[in-house]
Amino acid sequence: MSSSTGVLCLPTEAIPAFEPEAWTMDLSQQLQAGARVVSVFGRAAPDRTVVTALLEKDHRFSVTRTDVERSAALRSLTPEAPQLHCFERELHEQTALEVTGHPWLKPVRFEGREQAAMNAYPYYRIEGKEVHEVAVGPIHASVIEPGSFRFMCHGERVHHLEVQLGYQHRGVERLLLERDVRALMPLVETIAGDSSVTYGWAYCAALEALIGREPRPEIELLRAFVLELERVSMHLATLSGLAADLGHLQGSTTYGRLRTTAINTMMRLCGSRFGRRALRPGGVCLRDSPELRQVIRDNLALLQADLAIINDCFLSAHTVRHRLRGVGAVSATQARELGLVGVVGRACGVRVDGRERAGGAYEAHPIGTTLQTDGDCWARALVRVQELDISLSWLVQALKDLSGWHGEALSPGPCAPSTLAIAIVEGFRGETMHAIETDAAGGAIHYKVQDPSLRNWMGLALAVRQNEISDFPICNKSFDLSYCGNDL
Amino acid sequence: MTYIKSLRVRLSQGSQYIPDLREGRPTGFRGLPVVSSLPCSEGCRACRDACPTGAIELEPVRLDLGRCVFCAACVDVCPAGKIQFTDSPNMGATERGALVVREGVEAAIQAKASAAFSRIFGRSLKLRQVSAGGCNACELELNAITNVNFDLQRFGIEWVASPRHADALVLTGPITRNMRDALRLAWDAMPDPRFVVAVGACAISGGLYASSPAIDRSFLEQVGPTLFVPGCPPHPLTFIRAVLDLLGAGAHP
């Protein structure tokens, strides 16, 4: 991989194609041989459904395909490989393809024809004299996106949590196909607005692959710079919220005001505190001046110095350790079975970080990755604290080598015909995928977006089992998943 | 040892609040655009064609902040350099029509003070936020208004959990079909007097999602917003200035 992101671009006729049952068998064998599912997604054609699987093994990506006729069905692999559960559910929801043998084909976001069925959805139920249910949402107590949580409890103890999402569904993938595929940046940046840089980079990388233009290493480094700045900003936001939820006021206020410093640095660079317009197809759009570089240096130094002080206070506080340790634990086995990614996966000891063996900016400036094994709220907080340190040190080093930016945008060349381009970016939540497929005329016929939250929400449901219901806010915040990234 | 660590944090924190919120000016922010009266090239409609939300109309050039997502695509393509974004966050308004920036007009866009709002809510305004398809950028910026920098509680303005306790419903997102009913329930639960604040291009006009069949904006046909806060997302100061202008002299720390 020469790119800083995972990029795969191949003519559709070069994708290994199987008959449906042979495809399922192949997928099963690859999983048994140690491969990991990155994504499975489908495109509804008039007479059939085109199903694509993207796997990763030893940092190498591979793609396989099958065409399933309208009247036929696909055999579910979820019973033997639970990590497929959300992909098969989405496949069924988006293409109406019948998936036989799936234990729980609940819509992942109630889109299209499913929208009318949302309010009538029968939640999973546990019955018994002393069992009670608690319904929370879709509107929550604080300023936060909507989602519904249904707890099945015995006293204070949670037996099971059913997460219902889809309230944020705006029809993103459909809109992405209604406009010129080369002019989608503003829309892409608002799919999950807290991950604008992540999503923007994934879109740029996929589009640039389709147009056949690889950005220069200097551009890649500038993009990685704003991506790491986004990671710092959002990890600070999460820690601030986590500290507030467990009643550690100094943590909440201090992580919060340090986030202000981080996002104001982003604003100096590109005009937006969320990195909007920082990237553009073919290049970046950042300001540059000696004064600005000094401001960035000073802000990074301030963040490093003050973070050390608040981390020392936060992580050593009895209240913090007591409230986070052993709460909301997910085992490494569960994490692997469910295919958890990003911070959540790394807190369970699953070493999944796309930056680790990436090329480009991360080859010239390697970035460390961090791992915890307990899989509880404490581990997720620690991973964030450590990633803050790692990213800040990386930013300080990278700043020394940042080249000046000279106006550059993608020449509006045509996209390669009948080609599938996939880009994977390690955002602050984890593995984020954008896939674009073109038809024989080079026009986009499919745009698939995948947020790491799609897989990680089930991790939250498992984390709260056998925990007290009052620990849910802490568990939820420690995962800090995206609602709109799931709902699209 | 704990209190020493705590003291060190306190010392490093210093004083973070912005003294005069009405005059805050965020350095580097891509805020209020201005359209100069430089002549357009004959028949040029590059800015209108480049705008992803149809925010621009021509002859003369008008830019609707209720639709604008501040992507500056218009600036990139305009050969005459007519459109510029300034760093002013002040662009909230009490009328939808007041959000249009006109060619050569430099009049400030400002929410009109209301004597009734000043009297009723000047010393205490409780807000219930509802995200109906917001992308979490508006939500994060709205959260920020009560952090130690902006500290809007000094005016008696704060977030509340229950719509029963709220005076204003602060709406973000284009209103998805899947949130339509929940939004209505929240509004119906609020006691009079109450009003709606529409925050961000999505809430004001549907923004980038206006044409999506997955959204349903019928709520706003029945309940018109009292205050419009443009941006994508709006800067916390845009929201703060708009609310303080609406409350007028009644609002003071």
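So here's what we get for this one:
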| read-out | value |
| --- | --- |
| Answer residue from the range B:121-148, given it is open to solvent by less than 10 Å² (accessible area, probe 1.4 Å) and at the interface with another protein chain (Cβ under 7 Å from one of its Cβ atoms) and is farthest from B:Thr238 (Cα to Cα) among those | B:Gly133 |
| A:Tyr167 being aromatic (Phe, Trp, Tyr), more than 16 Å from the chain's Cα centre (by Cα) and over 30 Å from A:His446 (Cα atoms) | no |
| Residue match in the range A:54-72 (condition: open to solvent by less than 40 Å² (accessible area, probe 1.4 Å), in contact with an Asp or Glu (Cβ under 8 Å, 6 or more places away or on another chain), part of a strand (DSSP E or B) and away from every other protein chain (no Cβ under 14 Å)) | yes |
| Residue in the range A:403-419 that is outside the structural domain of A:Phe41 (by TED's automatic domain parsing), touching a strand residue (DSSP E or B) at 6+ places or on another chain (Cβ under 9 Å), open to solvent by 20 Å² or more (accessible area, probe 1.4 Å) and on the phi > 0 side of the Ramachandran plot present | yes |
| Tally, over the range A:105-119, of residues that are part of a loop (DSSP other than H, G, I, E, B) and open to solvent by less than 80 Å² (accessible area, probe 1.4 Å) | 8 |
| Pairs with Cβ under 8 Å, 6+ apart, first in the range B:129-140 and under 15 Å from A:Tyr199 (Cβ atoms), second open to solvent by 20 Å² or more (accessible area, probe 1.4 Å) | B:Cys135/B:Cys202; B:Ala137/B:Cys232 |
| Condition broken by B:Met190, with the remaining ones in (1) open to solvent by less than 20 Å² (accessible area, probe 1.4 Å); (2) free of Cβ contacts under 8 Å to residues at least 60 places away in the same chain; (3) more than 10 Å from every other protein chain (Cβ to nearest Cβ); (4) over 18 Å from B:Ala93 (Cα atoms) satisfied | (2) |
| Looking only at the range A:377-392, and only at residues there that are in contact (Cβ under 8 Å) with a residue 60 or more places away in the chain and either within 20 Å of A:Asn476 (Cβ to Cβ) or open to solvent by 10 Å² or more (accessible area, probe 1.4 Å) (or both), the one that is farthest from the chain's Cα centre (by Cα) | A:Asp389 |
| Odd one out for A:Arg465 among (1) buried (at least 22 other Cβ atoms within 10 Å of the Cβ); (2) basic (Lys, Arg); (3) over 24 Å from A:Asp194 (Cβ atoms) | (1) |
| Candidate set from the range B:34-64 (those that are buried (at least 16 other Cβ atoms within 10 Å of the Cβ) and of a type in the set (Gly, Ala, Ser)); member that is farthest from A:Val181 (Cα to Cα) | B:Ala55 |
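Residue-wise test of (1) assigned to a helix (DSSP H, G or I); (2) open to solvent by less than 10 Å² (accessible area, probe 1.4 Å).
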{"site": "A:Gln168", "(1), (2)": "no, yes"}
{"site": "A:Glu173", "(1), (2)": "yes, no"}
{"site": "A:Leu177", "(1), (2)": "yes, no"}
{"site": "A:Thr190", "(1), (2)": "no, yes"}
{"site": "A:Asp194", "(1), (2)": "yes, yes"}
{"site": "A:Trp201", "(1), (2)": "yes, yes"}
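The values are calculated or read from the model by the stated rules, or taken from the named source; none is laboratory data. These numbers were taken from a predicted model, which means no experiment stands behind them. Here Cβ is always computed from backbone atoms with ideal geometry, including for glycine, and neighbour counts include all displayed protein chains. The protein model used for the area step is the full one, side chains on, heavy atoms only, and it has no ligands, DNA or RNA in it. Shrake-Rupley method; radii C 1.70, N 1.55, O 1.52, S 1.80 Å.
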